[in-house]
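The values are calculated or read from the model by the stated rules, or taken from the named source; none is laboratory data. In this text, all values refer to a predicted model and were calculated from it rather than measured experimentally. Quick reminder, even Gly has a Cβ in these numbers, built from the backbone with ideal geometry, and neighbours come from all protein chains shown. Note: accessible area is taken over every heavy atom of the protein model, side chains too, but ligands, DNA and RNA are not part of it. Shrake-Rupley method; radii C 1.70, N 1.55, O 1.52, S 1.80 Å.
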Amino acid sequence: MSSRLLELEELAIDQFAEADPQFQQLLQSQSEPELLRKVQQSYCWVIAVQDPELGLQLVQDYKNQQQDLLWQLRFLLCEGYAKEQQGKTAEAMLDYQRVLSYQETETDPELQAKALVLRGEQYAENAAYADALTDLQKAYQLELTNGTKGRQNYVANALANLYSDAAVGDYEQAISLYKKSLEHWQESGNLQGQATALFNLGGTYESAGQFELALQYLNQALVIDQKRGDAAEIAYDKRLVARVLTKLGQGEKALELLNEAISYYQSSADAQMLAYCQLSRAITYRSLKLYQNAQQDFDSAMSYFAAKPDLRFEALLYKEYALLHAEMLQWQDAFMMQQRQQQKDAEIQQQLLDQRTTRLKVQLQTEQIQREKTELEVKNAAQRQALTDSEELRFWQYLALLCALLLILAMLFLFIRQRALSVQLKDMALTDELTHLPNRRHTLALAQQLWQQWQQHQQPFSVLAADIDFFKAINDQFGHAAGDLVLQKIAYCLRQELRPADKLGRVGGEEFLILLPGTDLSNARAIAQRLCDAVAAMQWPQLQDSYVVTLSLGLAQSGKHKDFIQLWGSADAALYKAKESGRNRTEVAE
């Protein structure tokens, strides 16, 4: 019976309409209670995916038919899975925790492994990767010892999904497990399983930067899905194949596939996948330098996400759009898009924090359930021993514990809120509002730190004092709004040209201070020249088409200076020498 049920479960993955009548026949023909419950359990897992609402109704009917605790736990786990399909992940997680909290669960390795996998996948969704890895590895060992090949494949695939996550990044382990999954589906002849395993291998190789191998596996998945005739899967495959082709510099081929996928999603009215494809095509257009087409696709995708937000795709969209504007020399628009990307990244981090908070609440609820179960056992023992006074005492102890817990949570909430406010106020105090660079106070604090590091390690430390040439003339001729724009664009330009370890701050009206740790005089001079050239090459259509803005710099290196202020003074003196020598140049302090 078990092998027959496994065959039907695998058949239902791809052909539910064919598997459902066979399940119904088994349900009606079984007279032996234990066998009937096994059929009911198997059907529950299938219907939970196809129709979660019906799955929940069936679970309640099945649970009410018998009193055996182990069977109640098996159906409770299926109930949680149906809730997960409905998007009720917090409730589902609570059911998984309940199942695993019972010692009876450990007597059924299949039940324990399933519960661990489902809980582990939820941990991964909430970015609790260590907990997820613990659950999935334990589940995999249970299935290797006790499970069938089908169950081993299911857990191996879940573990591979975790390893392939960018936050875990163990791509070798993921690839090894996906290949085992592919062998399983090839042995069983399941085409959908083969296509899924090939697709996962392609995606993992892409994440690992091995684009040629990624393309090989994704093309195989596409061929199988074309053989199956699943138009939705074909379009999905084409999008990922095109993404890899773009990374390989084969934009023309990628564009053909994306146009075909977009045509399908337009005809099927799948607005979400259409937006994802438009975003992918915009990136391909940008690689081909078809900037107008790329901008149209970016705008179309942006209009969809404005109505139905998707933080990760929005962050990607704004990142790629900023690169497009930068390539088109539209620096202000690039700066705006980069700010939007940073905002979405911050929202993603907040979402992860909220998910972790939800996970903590579920964990607390589970602990409360366990405490309640323990309390019930204690009360029953007390009743048998006629110790009613002890029961009342324990009740008030648990009530006091709950009140203390609520008080601790309230205090924790206030602490977190106050800390977040303090961080926000600190950022405001240390950041220049116009350019979003460190302000004078913050820049000097960074400089003192680097000065102390130089004194300890005696590595070269150079300083650039920079000043925008004829900035007052810009304000006088074009107005202060134009002057603010010049400051913003030059700040953005300097930040892009500097290395990650370099520090840039605004210390005056049109004055900037650049700190170059670990940089000798020769390299510092090259960096200064690069900054001069980059600013001089900027376009200023907001001022005049032929208008040129330049930068003068003074360079000084640590040596005999007694403190950083003296070092800065040397750089500042060199800056004034650059001004007197004709501007748009760098002078080195003597």
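Quick check on region 149-216: what are the equivalent-ellipsoid semi-axes from the Cα gyration tensor, as sqrt(5λ), descending, whole Å? Could you put the intermediate results ahead of the total?
Working: eigenvalues 77, 40, 11 Å².
Equivalent ellipsoid of region 149-216: 20, 14, 7 Å, largest first.
For residue 409 and residue 101, calculate 0.36 nm times their separation in residues minus their Cα-Cα distance, and state this gained length in nm to one decimal.
Details: separation 308, 0.36 × 308 = 110.88 nm, distance 2.35 nm.
That pair, residue 409 and residue 101, stretches by 108.5 nm at full extension.
Building the convex hull from the alpha-carbon atoms of region 180-245 and averaging its projection over directions returns 3.9 nm².
Under 20 °C and 1.002 mPa s, how fast does region 472-538 diffuse according to Stokes-Einstein, given a Kirkwood radius computed over C-alpha pairs? Answer in µm²/s, whole number. It would help to have the intermediate numbers written out before the result.
On the way: Rh = 13.0 Å.
So the translational diffusion coefficient is about 165 µm²/s.
Here the relative contact order of region 67-190, from alpha carbon pairs under 8 Å that lie six or more residues apart, stands at 16 percent. Toward the positive end of the charge dipole of the chain, with +1 on the Cβ of Lys and Arg and -1 on the Cβ of Asp and Glu, the farthest Cα among 442, 78, 325 is that of 442.
Of all aspartates and glutamates in the structure, those lying under 15 Å Cα to Cα from residue 472, and not within fewer than 8 positions of it along the same chain, are 484, 510, 511. Structural descriptor for region 211-310: relative contact order 21 percent, calculated from alpha carbon pairs under 8 angstrom and at least 6 residues apart.
Taking all Cα pairs closer than 8 Å and separated by 6 or more residues, the relative contact order of the chain comes to 7 percent.
Roughly what angle does helix 440-457 make with the longest principal axis of the chain, taking Cα atoms, 0 to 90 degrees, to the nearest 10? That works out to roughly 90 degrees. What separates the Cα centres of region 514-533 and region 17-83 is a distance of 71 Å. Note on the chain: helix-only mean residue ellipticity at 222 nm, from DSSP H runs of 4+ residues weighted -39500 (n - 2.57) and normalised by residue number, equals -26000 deg cm²/dmol.
For a straight C-alpha distance cut-off of 24 angstrom, the lysines reachable from residue 114 (same-chain residues fewer than eight places away being disregarded) are 38, 63, 83, 88, 138, 149, 179, 180, 361, 373. Given in Å, the Rg to one decimal and the Dmax to the nearest whole number for the Cα atoms of region 78-119 are 9.9, 30. Of all lysines in the structure, those lying under 24 Å Cα to Cα from residue 319, and not within fewer than 8 positions of it along the same chain, are 238, 247, 253, 289, 308, 344, 489, 503.
Given 25 °C and 0.890 mPa s, compute D for region 1-145 with the Stokes-Einstein relation, Rh being the Kirkwood radius over Cα pairs; round to the nearest whole µm²/s. Write out the running numbers ahead of the final one.
Numbers: Rh = 15.7 Å.
Result for D is 157 µm²/s.
The accessible surface of region 146-288, taken with every protein chain in place and a 1.4 Å probe, is 46 percent carbon and sulfur. In region 7-113, the portion of solvent-accessible area held by carbon and sulfur atoms comes to 44 percent [1.4 Å probe, whole percent, DNA, RNA and ligands not counted]. Listed values for region 581-590 are Karplus-derived 3J(HN,Hα) couplings in whole Hz (6.51 cos²θ - 1.76 cosθ + 1.60, θ = phi - 60°), namely 8, x, 6, 6, 7, 10, 10, 9, 5, 7, and x replaces Gly and Pro. Note on the chain: Cα-Cα pairs beyond 45 Å make up 39% of the total pair count.
Using a 1.4 Å probe over the heavy atoms of the protein chains, calculate the carbon and sulfur portion of the accessible area of region 426-533 as a whole percent.
Numbers: 2540 of 5220 Å².
Roughly 49 percent, rounded to a whole number.
Normalising by residue count, region 478-590 has a Cα convex hull of 105 Å³ per residue. Cα-based values for region 257-338, radius of gyration first and Dmax second, are 12.4, 38 Å.
Where only protein heavy atoms count, and the probe is 1.4 Å, what is the accessible area per residue for the chain in Å²?
Value for the chain: 52 Å² per residue.
For the chain, the Cys residues with no second cysteine's beta carbon closer than 4.7 Å are 277, 403, 493, 532. The alpha carbon centroids of region 449-491 and region 187-257 are separated by 48 Å. On a per residue basis, the convex hull of the C-alpha atoms belonging to region 101-227 measures out at 97 Å³. Computed from Cα atoms, the angle from the helix 2-14 axis to the main principal axis of the chain rounds to 40 degrees. Relative to the longest principal axis of the Cα atoms of the chain, the long axis of helix 271-287 lies at roughly 40 degrees. The value obtained for region 210-346, namely the Cα convex hull volume divided by the number of residues, is 107 Å³ per residue.
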